[in-house]
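Undergrad: Take this structure, written in structure tokens, and hold onto it; I'll ask about it next.
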Amino acid sequence: MAVSTATSAPAKNPGPKDNIIGARQAYYDKIDKYDMAPLWEVLKDHVTKVPKSKCVPVLWKFEDAKKLVLEAGDVITAEEAERRVLVLENPALRGQAKATNTLFAGIQLIMPGEVADVHRHVASAIRFVMDGRGAYTAVEGEKTIMSPGDFVITANWAPHDHGNTSDQPMMWLDVLDMPTVNHFESSFMEHFDEKVQKATRQDGDSLAFYGSGVLPDGTMANPKRTPVINYTYARTRPILERMLKAGDIDKHHGARARYINPTTGGWVLPTMGAHLALLPKGFKGEEYRSTDGTVFVCAEGKGATTVGGQAFEWTQNDVFVVPPWTSYSHMAEKESVLFSISDRPAQEALGIWREAA
Ligand code: GTQ
């Protein structure tokens, strides 16, 4: 794109300043033909003093999302859609399938009897189960039955399929790192001949093997991904209760646990990291900000989060976004649980993550 520095009409008798501006413009026009541009005209836009996020704070009410995604059940089957998902698009990034600049978020619906065929892709996915129980996600031969609050992981290139053998519609939040993968232009995906994977392990194997303070002997550290595919709410929720009783309450985040890769103690994935936080009734969190834009889901309760001065009231299954480097604080009207996910592991690995209170 050609750069123009002309801000006003040229004077009748050009002075030395006009000559310089004219010469600059002629120079810009000349280098433009070589696909070159003067950094000094745009340096401030690219090397900002503080992060300037393109995305905006936003909240989606589950009440609306549930009605709308159920209507999708009338217009397309899961098989036709491959994945029947309503994309939660950040209002400032419409048309880009992004909730934040680095994360995709969507609400997936599987109706009773339906199957979403096995495939795999470079983008890693997490599911946070919202509504219904009894449907499954199968990952690399382990089929896990999902219940509300469960945190299910499909790591990079792991074959996965979903199916609903229950008698109720099943809905969950999908968060994928596909904008990150696409930023690097490194997306691959493939289908399989079979629709569903053969079970090679029992439901619960990965959580029992790797999430119990022991590891199968000989397990090697794998920093690329966690071996656990379902961090069940039934296991994680009582831990927050214990943290609360022990007084382990962060003044910004409440009683908050970090989901870990048990082979390393690090994040569950290199590109995305997640937390689950219990906010006691009446909690008034102090302001906090960090460079990782974050997608939150209310798993239980009722409260509000002030994001960049704007209050967003949430209740169960509402989803909201805090953009990078935007101050936020939580308030809980009732005892509440917030799930959150961000690109923090990727930023930490690159050495660019920052926080401030
Ligand atoms: O379940 O495999 O929301 O491939 C987007 C892409 C879900 C999935 C999404 C996907 C999936």
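The values are calculated or read from the model by the stated rules, or taken from the named source; none is laboratory data. What you see is a predicted model; the values in this text were computed from it and never measured. Note that each Cβ is placed from the backbone with ideal geometry, even for glycine, and that neighbours are counted across all protein chains shown. Remember, those area values only see protein heavy atoms, side chains included, never the ligands or the DNA or RNA. Shrake-Rupley method; radii C 1.70, N 1.55, O 1.52, S 1.80 Å.
Undergrad: Return yes when ALA208 is of a type in the set (A, V, I, L, M, F, W, C) and open to solvent by less than 10 Å² (accessible area, probe 1.4 Å) and no when it is not.
TA: For ALA208, the condition - of a type in the set (A, V, I, L, M, F, W, C) and open to solvent by less than 10 Å² (accessible area, probe 1.4 Å) - is not met.
Undergrad: Run TRP40 past the list (1) over 22 Å from the mean Cα position of the chain (by Cα); (2) within 13 Å of the ligand (Cβ to nearest atom); (3) modelled with pLDDT of 95 or more and report the number of the one that doesn't hold.
TA: If we test TRP40 against (1) over 22 Å from the mean Cα position of the chain (by Cα); (2) within 13 Å of the ligand (Cβ to nearest atom); (3) modelled with pLDDT of 95 or more, just (2) comes out false.
Undergrad: Which residues, counting only those in region 184-194, are open to solvent by 100 Å² or more (accessible area, probe 1.4 Å) and either of a type in the set (Phe, Trp, Tyr) or within 16 Å of the ligand (Cβ to nearest atom) (or both)?
TA: PHE184, PHE188, HIS191
Undergrad: May I ask you to list the residues in region 139-158 that are away from the ligand (no atom under 15 Å from the Cβ) and assigned to a loop (DSSP other than H, G, I, E, B)?
TA: Listed by number, the residues that qualify are GLY141, SER147, PRO148, GLY149.
Undergrad: Which members of region 341-357 meet the condition of being open to solvent by 10 Å² or more (accessible area, probe 1.4 Å) and either hydrophobic (A, V, I, L, M, F, W, C) or closer than 19 Å to TYR233 by Cβ (or both)?
TA: ALA346, ALA349, LEU350, ILE352, TRP353, ALA356, ALA357 - these are the residues of region 341-357 that are open to solvent by 10 Å² or more (accessible area, probe 1.4 Å) and either hydrophobic (A, V, I, L, M, F, W, C) or closer than 19 Å to TYR233 by Cβ (or both).
Undergrad: Next up: Considering every residue within region 61-70, establish whether at least one is touching an Asp or Glu at 6+ places or on another chain (Cβ under 9 Å), within 11 Å of the ligand (Cβ to nearest atom) and either without any contact (Cβ under 8 Å) to a residue 40 or more places away in the chain or charged (D, E, K, R) (or both).
TA: Among the residues of region 61-70, not one is touching an Asp or Glu at 6+ places or on another chain (Cβ under 9 Å), within 11 Å of the ligand (Cβ to nearest atom) and either without any contact (Cβ under 8 Å) to a residue 40 or more places away in the chain or charged (D, E, K, R) (or both), which makes the answer no.
Undergrad: Give just the number: which of (1) open to solvent by 20 Å² or more (accessible area, probe 1.4 Å); (2) touching a strand residue (DSSP E or B) at 6+ places or on another chain (Cβ under 7 Å); (3) under 28 Å from THR154 (Cβ atoms) does LYS284 not satisfy?
TA: Here LYS284 clears every test but (3).
Undergrad: Okay, next question. Return yes or no: is VAL69 part of a strand (DSSP E or B) and touching a strand residue (DSSP E or B) at 6+ places or on another chain (Cβ under 6 Å)?
TA: no
Undergrad: Tell me, yes or no, whether region 298-308 has at least one residue that is crowded, with 24+ Cβ neighbours inside 10 Å, modelled with pLDDT of 95 or more and assigned to a loop (DSSP other than H, G, I, E, B).
TA: The answer is no, given that none of the residues of region 298-308 is crowded, with 24+ Cβ neighbours inside 10 Å, modelled with pLDDT of 95 or more and assigned to a loop (DSSP other than H, G, I, E, B).
Undergrad: Just to verify a result, which residue in region 80-124, among those that are surrounded by 22 or more Cβ atoms within 10 Å (Cβ to Cβ) and of a type in the set (D, E, K, R), is nearest to GLN197 (Cα to Cα)?
TA: Selected residue: ARG84.
Undergrad: Looking at VAL175, VAL181, can you tell me which residue is within 20 Å of the chain's Cα centre (by Cα), within 12 Å of the ligand (Cβ to nearest atom) and crowded, with 21+ Cβ neighbours inside 10 Å?
TA: Only one candidate passes the filter, namely VAL175.
Undergrad: While we're looking at this one, here's another question. Tally time: how many residues in region 212-246 are in a loop (DSSP other than H, G, I, E, B) and either among the hydrophobic types (A, V, I, L, M, F, W, C) or touching a residue at least 12 places away in the same chain (Cβ under 8 Å) (or both)?
TA: Within region 212-246, residues that are in a loop (DSSP other than H, G, I, E, B) and either among the hydrophobic types (A, V, I, L, M, F, W, C) or touching a residue at least 12 places away in the same chain (Cβ under 8 Å) (or both) number 15.
Undergrad: Report, by residue number, each residue of region 151-172 that is of a type in the set (D, E, K, R) and open to solvent by 10 Å² or more (accessible area, probe 1.4 Å).
TA: Matches in region 151-172: ASP167 only.
Undergrad: Kindly evaluate LYS281 against the criterion of being among the basic types (Lys, Arg), part of a loop (DSSP other than H, G, I, E, B), out of contact with any helix residue (DSSP H, G or I) (no Cβ under 6 Å at 6 or more places or on another chain) and farther than 19 Å from ILE126 by Cα.
TA: Yes: the conditions hold for LYS281.
Undergrad: Still on this model: Can you tell me how many residues in region 121-138 are closer than 22 Å to PRO345 by Cα, in contact with a strand residue (DSSP E or B) (Cβ under 6 Å, 6 or more places away or on another chain) and within 11 Å of the ligand (Cβ to nearest atom)?
TA: Count: 5.
Undergrad: I would also like to ask the following. So, in region 318-340, how many residues would count as being closer than 11 Å to CYS298 by Cβ, open to solvent by less than 10 Å² (accessible area, probe 1.4 Å) and part of a loop (DSSP other than H, G, I, E, B)?
TA: 1
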